[in-house]
Amino acid sequence: MISFNRPPHVGKEEKYIAEAIANGKICGDGAFTRKCSDWLEKSTGAAKALLTTSCTHATEMAALLADIGPGDEVIMPSYTFVSTADAFVLRGAKAVFVDIRPDTMNIDETLIEAAVTERTRAIVPVHYAGVACEMDTIMDIARRHGLVVIEDAAQGMLASYKGRALGSIGDYGCYSFHETKNYSMGEGGALFIKDSKNILRAEIIREKGTNRSQFFRGEVDKYSWQEAGSSYLPSDMNAAYLWAQLEMAEEINADRLHSWNLYYECLKPLADEGKIELPHVPDGCVHNGHMFYIKVRDIEERTMFLTYLKEHGVYAVFHYIPLHSAPAGRKYGEFFGEDRYTTRESERLVRLPMYYGLTEDDLMKVVEKVKEFYRM
Ligand SMILES: *Cc1c(COP(=O)(O)O)cnc(C)c1O
């Protein structure tokens, strides 16, 4: 069986975790956490990167930093992972879902402005598959309406938009280091802060509402409770696991892009025959091979296709039941305008096996099975 995902593991993780233990400081903000945050700041150009316990938590922090509260509205796509909405709904806000573009599966930037009301506080673009949303348009709308932009860049590490790293363009950006992402620490994430005036408050929120970070830097002589916060620090052992992969980030990225390009090349004939559709990467966007998806005719064909692959040793998956059609989405959100593409396109999408270390042999077996299905 060719599995859909394998958590990234490059070989030095165990050594670094042992070092973290030997350092005698396994809680948050130890030596490996600092190495990772420095690396992430250099890689993205963000004023600050804070490691968090997940991307969900990074997004929750951004919602707190943006002072999102009851009655506020937050614009986002419905075709996304639940965390994008959860972080704001937890603060009492309403999720306002806008349709996606069928070519990238990202929020349709041309539909956002019409969804803005006097209650709108933030826009949350999700860079699906590590392919950027149309950020110039989104930032312009936000500027004109005084809105905060929080990028869900969970899948976006090492991807860029017009030369700028995903996660560093909006006021806040969020990465995920879950085991299903390109780089992992088991569970974990990072929050990026663009404006240095927001850094101190972010550190306080992340440290149970205390100014302990300032205390450790020797900036204050005792620390105390400053405001409502929580515990969003990952342990240094998790950061040690991540560090091993950041050291090899370019290699991991190149390996994934190689697989992505090979899939694309091999499946192109099937797309040219009109049997399937392949992903689209707009000009100015550099992606990171996070995901290789194809689109089949409709949900009936997809069910048969996935069953066929599984029976022939290939584990492929689909994802994202659009949030507006799920029970919590109906309760906490509302779809603005017409659902032209969100439901229809989500029902056509299939993700093929993709992970660091996927062999060409296995990849070609997947391609062969996909082609076989369409020859039947
Ligand atoms: C994976 C993912 C998340 C959640 O990441 P966690 O680190 O598991 O909290 C959020 N949004 C998107 C788009 C994701 O793909």
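FYI, it's all coordinate maths here, none of it is from the lab. What you see is a predicted model; the values in this text were computed from it and never measured. All Cβ positions, glycine included, derive from the backbone under ideal geometry; neighbour counts span all protein chains shown.
Under a Cβ-Cβ cut-off of 11 Å, what is the net charge of the residues other than Gly30 that fall near it, where Lys and Arg count +1 and Asp and Glu count -1? For residues surrounding Gly30, the net value is 0. Here the dipole of the chain is about 560 debye; that uses its Cα centre as origin and unit charges on the Cβ of Lys and Arg (positive) and Asp and Glu (negative). A dipole drawn for the stretch 193-251 from +1 and -1 charges on Cβ atoms has a positive end, and of Ala202, Tyr223, Pro234 the residue lying farthest that way is Tyr223.
First check a/c for the stretch 75-154, with a ≥ b ≥ c the square roots of the eigenvalues of its C-alpha gyration tensor; if it is under 1.5, answer rounded, and if not, answer prolate when a/b is larger than b/c or oblate otherwise. Cα axes put the stretch 75-154 in the oblate bin. Charged side chains reduced to their Cβ positions (Lys and Arg at +1, Asp and Glu at -1) give the stretch 47-122 a dipole of some 260 debye around its Cα centre.
Connecting C-alpha atoms closer than 10 Å in a GNM of the chain, tell me which of Met157, Met139, Met248 has the biggest fluctuation. For the chain, modelled as a Gaussian network with Cα springs under 10 Å, the answer is Met248.
Taking the charge dipole of the stretch 213-284 about its Cα centre, with +1 at Lys and Arg Cβ atoms and -1 at Asp and Glu Cβ atoms, the residue from Ser213, Gly284, Leu246 reaching farthest to the positive side is Ser213.
For the stretch 218-376, the Kirkwood estimate of the hydrodynamic radius, built from every pair of different alpha carbons, is 19.2 Å. Angle between the Cα long axis of helix 31-44 and the longest principal axis of the chain, 0 to 90 degrees, nearest 10? Once rounded, the angle reads 60 degrees.
Using only helices, what value at 222 nm comes out for the chain when you add -39,500 (n - 2.57) per DSSP H run of length 4 or more and divide by the total residues, to the nearest 500 deg cm²/dmol?
-11500 deg cm²/dmol
Other residues whose C-beta falls under 10 angstrom from the C-beta of Tyr293 contribute a net charge of +2, scoring Lys and Arg +1 and Asp and Glu -1. Hey, what angle do you get for helix 360-375 against the long axis of the chain, alpha-carbon based, 0 to 90 degrees rounded to 10? Roughly 50 degrees, rounded to the nearest 10.
Here the Karplus curve 6.51 cos²θ - 1.76 cosθ + 1.60, taken at θ = phi - 60°, turns the phi angles of the stretch 161-174 into couplings of 10, 6, x, 9, 5, 4, x, 10, 8, x, 4, 9, x, 10 Hz, with x standing for Gly and Pro.
Here's how it looks for Tyr79: its modeled amide H is under 5 Å from those of Leu323, which are all 5 or more places away or on a different chain.
Protection proxy ranking of 353-362, 270-279, 127-136, by the mean of other Cβ atoms within 10 Å over each peptide's residues and highest first, is 127-136, 353-362, 270-279.
Our summary of shape: the Cα atoms of the stretch 200-287 have principal axis extents of 69, 27, 22 Å, ordered from largest down, in whole angstrom. Peptides 300-310, 255-265, 95-105, ordered by how many other C-beta atoms sit within 10 Å of their residues on average, highest first, read 95-105, 255-265, 300-310. Only lysines eight or more places from Lys371 in sequence, or on another chain, were considered; those with a Cα closer than 24 Å are Lys268, Lys275, Lys295, Lys310.
Extending 7 Å from the Cα toward the beta-carbon at both Glu113 and Lys42 defines two label points whose distance is 4.1 nm.
Summary of packing: across the peptides 213-219, 55-61, the per-residue average of other C-beta atoms within 10 Å ranks them, highest first, as 55-61, 213-219. About its Cα centre, the dipole of the stretch 167-216 is roughly 160 debye, where the only charges are +1 on Lys and Arg Cβ and -1 on Asp and Glu Cβ.
Rounded to whole Å, the principal axis extents of the Cα atoms in the stretch 17-79 read 48, 24, 24, largest first.
Each label was represented as a point 7 Å from its Cα along the Cα-to-Cβ direction; for Arg297 and Ser325 these points are 1.9 nm apart. On the principal axes of its alpha-carbon atoms, the chain has extents of 73, 53, 36 Å, going from largest to smallest.
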